[in-house]
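The values are calculated or read from the model by the stated rules, or taken from the named source; none is laboratory data. Not measured: the values here are computed from a predicted model. Glycine also receives a Cβ, built like all others from the backbone with ideal geometry; neighbour counts cover every protein chain displayed. The accessibility values were calculated without ligands, DNA or RNA, using every heavy atom of the protein model including side chains. Shrake-Rupley method; radii C 1.70, N 1.55, O 1.52, S 1.80 Å.
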Amino acid sequence: MNPGQSEDGPPTTGPHGAGAGPLRDYEAALDWLDSHIDLERLLGGPEATAPTLDRMWTLMGILGDPQDSVPAIHITGTNGKGSTARLSVALLGACGLAAGSYTSPHIERVNDRITVANEPLDDESFALAISEIAVFEPMVIDRCGERPNYFEVMAAAAYSWFASTAHVNVIEVGMGGRWDATNVVDAAVAVITNIGADHLEIIGPTLADVAAEKAGIIAPNSIVVCGETAPELVDIVAGVASDNDAELWRRGVDWDIAARHPAIGGQLVTVVTPFGEQSDHFVPLHGAHQAVNAACAICSVEAFFGRSLDHDVVAAALADVTLPARFEIVGRQPTVVIDGAHNPAGAASLRDTLAETLSIGAGAAAPAEDADAAGRVSRGVLVIGANKPHDPGAFCEALDLGVFDAVVATTAAWPRAIAPEDVADAVERVAAGADHSPEIIPIGGVDDAVRWAMDRAGPHGTVVVSGSLYVAAEARRLLGARPH
């Protein structure tokens, strides 16, 4: 049993109790945290250094290796890892375990990165968690010659907090895997949702390189749940698994979606795992990709327990799952969909989900009594922003601009955000080859862009906000979407 943990469940206070550390309050904790180099803001910039886990290992050692205090599920992948993590936490909770989860980036508040049972730490707890790292940071500087960065501080705070507040960890990789700050844990289950062409400038340049980096989270004698199906990439994962005496569960071989039927408010999904079949579960999420994420989560938790999950437990876990900014419908009249997709694979999933769920681009949205609308294609208004080094043109090609009457190019308040005029130029280049060319307009602020789009769509239209989680976050705040 972990220090401070009772037989009835995890404690509600941090590892050192109230008042630990030098930081006075939540605002002081945020100020101290923000004083660190944030590589998410500077991705690929001159401040980036050679990959190393030295600072993280040093910090973990000083803290007493909290990452080893509770078992873990470690999740990487180009897309879907955040959704799979949240679904896994819900499944573990339905089994009676409080799961600590570390994910990134945050959508609403930085607290959202560190959760227990999918509930973010309150401000006092967050300040305590960060304050503990502040206490020991001078020792890291003394031994390593430099401060840990923002992401490392957050990961360390999460591991330390969970050591006394959780029964199991569900940890999402920030980028890649091998050199990610989270990769100081020997997880019982390693999950690779998929392997795509994202961040090739950092973890590439080839998909084979990306596969090797993501396979770097595989720990000795673990179980690997692999959602990638390309044989040449699976072979790379299989080789790393073999080297670590890890058992490999492959999608399409050991687990998969057996059946899927769209339904009101979500979909019915039947999943096959190495332990049998989980039939006709209602998943309150839209899109075939979310069915795969749900299957991956079920498989991962079954791997963790080494047995099949009870059908009623799975049903209860999935029934109330929500995923902020993942095809999240936040308004009606007009319908407003917010989706944080930011790469071509995510755009393709969004395209298919729009067609399946809202008939956008499917030509089936016109009311039967509207004789003049027979055969009309149902279109929406797109609000899109993007961050360097992502290519908004590639995103739009995968999304299919022909399904939109208008596109609003915008920019979030984020250092790597691409200027709206540059986004508009990329959109125009793609739209030039489309059968239907939408109106394209640059509007600098997300709030103004969304308001313009809603006016253009009208009460019976649809607005889609996508291209960046940071754009999605600002749109959620504007429209009063419910918190994490």
Exercise. If you count the DSSP beta bridges with both ends in the chain, what percent of them are antiparallel, to the nearest 5?
Worked result: 35
Seminar exercise, completed: Only helices counted: for the chain, with every DSSP H run of 4 or more residues adding -39500 (n - 2.57) and the sum spread over all residues, [θ] at 222 nm is -11500 deg cm²/dmol
For this session: Would you mind classifying segment 131-224 by shape? Square roots of the alpha carbon gyration tensor eigenvalues, ordered a ≥ b ≥ c; an a/c under 1.5 is rounded, otherwise it is prolate if a/b is larger than b/c and oblate if not.
Result: oblate
Exercise. Can you run phi through the Karplus equation (6.51, -1.76, 1.60; θ = phi - 60°) for segment 257-273 and list ³J(HN,Hα) in whole Hz, with x for Gly and Pro?
Worked result: 7, 8, 7, 8, 9, x, 9, 4, x, x, 6, 9, 10, 10, 10, 10, 10
Exercise. Ala72's amide H: which non-local residues (gap 5+, or another chain) put their own amide H closer than 5 Å, with H modeled 1.01 Å from N in plane and none for Pro or chain starts?
Worked result: Asn169, Ala188, Val189
Problem set entry | Amide H contacts of Ile195 (H built 1.01 Å from N, under 5 Å, at least 5 apart or other chain) | Thr78
Exercise. Magnitude of the Cβ-charge dipole of the chain, K/R +1 and D/E -1, about the Cα centre, nearest 20 debye?
Worked result: 400
Seminar exercise, completed: segment 50-96 accessible area per residue, 1.4 Å probe, protein heavy atoms, integer Å², reads 28
Problem set entry | Residues whose placed amide H lies under 5 Å from that of Val224, excluding near-sequence neighbours | Ala190, Glu247, Leu248, Trp249
Exercise. Using the Karplus equation 6.51 cos²θ - 1.76 cosθ + 1.60 (θ = phi - 60°), what ³J(HN,Hα) coupling, rounded to whole Hz, does each residue of segment 116-128 give in order, writing x for Gly and Pro?
Worked result: 10, 6, 6, 10, x, 4, 6, 4, 5, 5, 4, 4, 5
For this session: Determine the share of the chain's accessible area contributed by carbon and sulfur atoms, expressed in whole percent, with a 1.4 angstrom probe.
Result: 50
Seminar exercise, completed: SASA check, Ser131, accessible area w/ 1.4 Å probe, all protein chains in place, rounded to nearest 10 Å², comes out at 0
Exercise. Alpha carbon centre of segment 438-484 versus segment 64-111: separation in Å?
Worked result: 29
For this session: Step through the residues of segment 425-440 one at a time and calculate ³J(HN,Hα) from phi using the Karplus curve (6.51 cos²θ - 1.76 cosθ + 1.60, θ = phi - 60°), rounding each to whole Hz and writing x for Gly and Pro.
Result: 4, 5, 5, 4, 5, 6, 5, 4, x, 7, 5, 10, 9, x, 5, 10
